[in-house]
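What follows is one structure encoded as structure tokens, with my remarks underneath.
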Amino acid sequence: MITIIPEAPENVAAFNATGEITREDFENLVIPHVKEKVDEFGELNYLLYLDTDLDKFTMGAWLQDALLGLKNLSKWNRAAIVTDKEAVQNFTDIFSVLMPGEFKSFPKENLYNALYWCKNGDEVEV
């Protein structure tokens, strides 16, 4: 299931992923919320807090996530992936070289720093 993180800054589409993630989560929540933020702010600042194992994402959900990225490719500004999974952190850091905008990984304990970074850029609240 994916839920919106209510503490997120106004210009950040922030989501918490727990349990099993499905294509419907993206279609019914993520895509409409992302579209709303892009329409309002002209760019996408995105945060995904991964509080689930990667095998809990169905193939359709991963595909939808990829399509979301491609569909709004020119709108990406900053994207943070918050997880303690080292493989995901490494992938995020490598992926940042291939995509427009900035992509950065954060450990779970730094959720609020990740939200601040999504809102403001390189600055990190201490």
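The values are calculated or read from the model by the stated rules, or taken from the named source; none is laboratory data. Keep in mind it's a predicted model, so treat the numbers as computed, not measured. Only protein heavy atoms, including side chains, enter the accessible area calculation; ligands, DNA and RNA are left aside. Shrake-Rupley method; radii C 1.70, N 1.55, O 1.52, S 1.80 Å.
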- Message: What does the extension gain come out to for Asn110 and Glu24, with contour length at 0.36 nm per residue minus their alpha carbon separation?
- Response: 28.1 nm
- Taking a 18 Å limit on the Cα-Cα distance, which of the listed pairs Lys75/Lys108; Lys35/Lys75; Lys35/Lys85; Lys71/Lys104; Lys85/Lys119 fall beyond it? Lys75/Lys108; Lys35/Lys85; Lys71/Lys104; Lys85/Lys119
- Query: Rounded to the nearest whole Å², what accessible area per residue is found for region 1-46 with the 1.4 Å probe?
  - Reply: 48
